[in-house]
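Asks: Before we start, here is the structure in question, set down as structure tokens.
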Amino acid sequence: MRVFANPVGSGSLWFDNLATADGTPVAYDPQARAFLPMPPFCVNRDVIGCNWIAPEQGAFCRSCAMTALAPDPSVPNAIANWAQTEAAKRWVLDNLGRWHWFRPEDPGARPVFHMLAEGPTPVQMGHAEGVVTISVAEADPVLRTTRREALEEPFRTMIGHMRHEIAHMLWWRLSLRTDFLDAFRSVFGDERADYPAALQQHYHHGPPPDWKQRFLTTYASAHPHEDWAETAAHLLHLTDITDSFVAAGLTAPELPGAGWDPYAEPDPERLIHVAASIAVGVNNVNRSMGLEDLYPFVLSDTARHKLAFVHDWLRRGAQGR
């Protein structure tokens, strides 16, 4: 994620800012990729702290307009959790916008989001024909950590959930093309395999013994759909880690040069090499503070090949190139 210029003075702004350091209200324009100091602001600004602009006064911003179902406000902490969930959605949508997904120039369908609070029964997150269902309860760090440990996952965040579930939607978009499915199946396998049975097999028996050589995560080994979603999410993780590193003014021997834009990099092998090198370095920094690794994954040759495949399609897919 970039660091943004202050439109009314000196200093920088970060993606989630609602105001400058001196208190001047600002809002983010995702089309211009810049902050503006004037309305119209999203109507959800006072409800959940949305900091994007709106097309007109009293309207939703581009991101909030994609949410068809909001959580039940009578559920404890639902609004606070929803606010964090929408912030994660805005972050991921802006990432994908760097490759023209879901912007005005994108001729395809936008995702529709169902943001649901949890009562006694957990919400099943997922995607179906353009509709992305998200449990806002996962914004609670205690609940999220409990589930991460129960599932023996090394990583679980709201941005991670958004990237994974939106990746399913992106697959659905790409599958409408005549040239995608055969290419996909040659790399990931046949997604027509029985999905419920595959998940049951995964949860009852675990991943195959050689999963580390073939997949990024144990969950990716469950089914080609999950392999795609995990791989696409990881491509976004790695690209955004690198972009944020560069935007912060940091440098590393692996960087191609000053002003390098990871989202504009056409060579997936170069991007993955740089991103992995940066992630290893930041992992080492995190350990100095007793924190968990930023990116606790190992990239096998097969995983790198899959990341390169996803990179090719996400960079060109939104506009049909």
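Asks: What are the GluC sites (Glu not before Pro) within the stretch 138-188 that DSSP puts in a loop, where the Cβ has at most 16 other Cβ atoms within 10 Å?
Replies: Glu152
Asks: Next up: Please give me, ordered by residue number, the chymotrypsin sites (Phe, Trp or Tyr not before Pro) of the stretch 12-109 that lie in loop per DSSP and have at most 14 other Cβ atoms within 10 Å.
Replies: Sites meeting the loop and neighbour criteria: Trp14.
Asks: Calculate, for the stretch 177-320, the solvent-accessible area per residue in square angstrom, rolling a 1.4 angstrom probe over the heavy atoms of the protein chains.
Replies: 49 Å²
Asks: Can I ask one more? Check the chain for me: any Cys whose beta-carbon has no other cysteine beta-carbon within less than 4.7 Å?
Replies: Among the cysteines of the chain, those whose Cβ sits 4.7 Å or more from every other are Cys64.
Asks: Next up: Hey, any idea what % of the stretch 177-320's accessible area is carbon plus sulfur with a 1.4 Å probe?
Replies: Answer for the stretch 177-320: carbon and sulfur cover 54 percent of the accessible area.
Asks: Further, regarding this structure: Of Leu181, Leu18, Leu174, which has the most accessible area and how do the rest follow, probe 1.4 Å?
Replies: Listed by decreasing accessible area, they come as Leu18, Leu181, Leu174.
Asks: Continuing with this model, one more query. Can you give the calculated 222 nm mean residue ellipticity of the chain, where each DSSP H run of n ≥ 4 adds -39,500 (n - 2.57) and the sum is split over every residue, rounded to the nearest 500 deg cm²/dmol?
Replies: -13500 deg cm²/dmol
Asks: Can you list which of the GluC sites (Glu not before Pro) found in the stretch 13-122 are DSSP loop residues with at most 14 other C-beta atoms within 10 Å?
Replies: Sites meeting the loop and neighbour criteria: Glu56, Glu105.
Asks: Can you give the extra length, in nm with one decimal, that the chain gains between Gln31 and His205 once fully stretched, where that is 0.36 nm per residue apart less the Cα-Cα distance?
Replies: Here the segment from Gln31 to His205 would lengthen by 58.0 nm.
Asks: Sequence gap at least 6, Cα distance under 8 Å: using those rules, report the relative contact order of the stretch 231-286 to the nearest whole percent.
Replies: Here the relative contact order equals 46 percent.
Asks: Got a sec? What order do Leu13, Leu291 fall in by accessible area at 1.4 Å, biggest, i.e. largest, first?
Replies: Leu291, Leu13
Asks: Just to check, using Stokes-Einstein with a Kirkwood Rh over alpha carbon pairs, what's the diffusion coefficient of the chain at 10 °C and 1.306 mPa s in µm²/s?
Replies: 77 µm²/s
Asks: Could you tell me the calculated FRET efficiency between His305 and Met38, based on Cβ-Cβ distance and R0 = 45 angstrom, to the nearest 0.05?
Replies: Efficiency, from the Cβ-Cβ distance: 0.40.
Asks: Can I ask one more? With a/c under 1.5 counting as rounded, go ahead and sort the stretch 177-320 into rounded, prolate or oblate using the C-alpha gyration tensor (a ≥ b ≥ c being the square roots of the eigenvalues; past the cut-off, prolate if a/b is larger than b/c, else oblate).
Replies: Cα axes put the stretch 177-320 in the oblate bin.
Asks: List every residue whose amide H lies under 5 Å from the amide H of Ala5, counting only residues 5 or more places away in sequence or on a different chain, with H placed 1.01 Å from N in the peptide plane.
Replies: Leu13, Phe35
Asks: Which helices, counted as full DSSP H runs in the chain, have an axial Cα extent of no less than 27 Å and a Kyte-Doolittle average of 1.0 or above?
Replies: none
Asks: Assign unit charges at the C-beta atoms only (+1 for Lys and Arg, -1 for Asp and Glu), then state the dipole size of the stretch 163-321 relative to its Cα centre in Debye, rounded to the nearest 20.
Replies: The dipole of the stretch 163-321 has a size of about 140 debye.
Asks: Placing +1 at every Lys and Arg Cβ and -1 at every Asp and Glu Cβ, with all other atoms neutral, what dipole size does the stretch 167-250 have around its Cα centre, in debye to the nearest 20?
Replies: It works out to roughly 20 debye.
Asks: Next question, about the same structure. On full extension of the chain, what length is gained from Leu250 through Ala150, given 0.36 nm per residue of separation minus the C-alpha to C-alpha distance?
Replies: 32.4 nm
Asks: Let me ask something additional. Give the long-range amide H neighbours of Ala27: residues separated by 5 or more places, or on another chain, with amide H under 5 Å away, using H modelled in the peptide plane at 1.01 Å from N.
Replies: Residues meeting the criterion, in which the H sits 1.01 Å from N, are Leu36, Met38.
Asks: Length gain on complete extension for the stretch Gln124 to Val75, per 0.36 nm per residue less the alpha carbon to alpha carbon distance?
Replies: Value of the extension gain: 15.9 nm.
The values are calculated or read from the model by the stated rules, or taken from the named source; none is laboratory data. The structure presented is a predicted model; accordingly, all values stated were derived computationally and were not measured. In this analysis, Cβ positions are derived from the backbone assuming ideal geometry, glycine residues included, and neighbour counts consider all displayed protein chains. The area values use the complete protein model at the heavy-atom level, side chains included, leaving out ligands, DNA and RNA. Shrake-Rupley method; radii C 1.70, N 1.55, O 1.52, S 1.80 Å.
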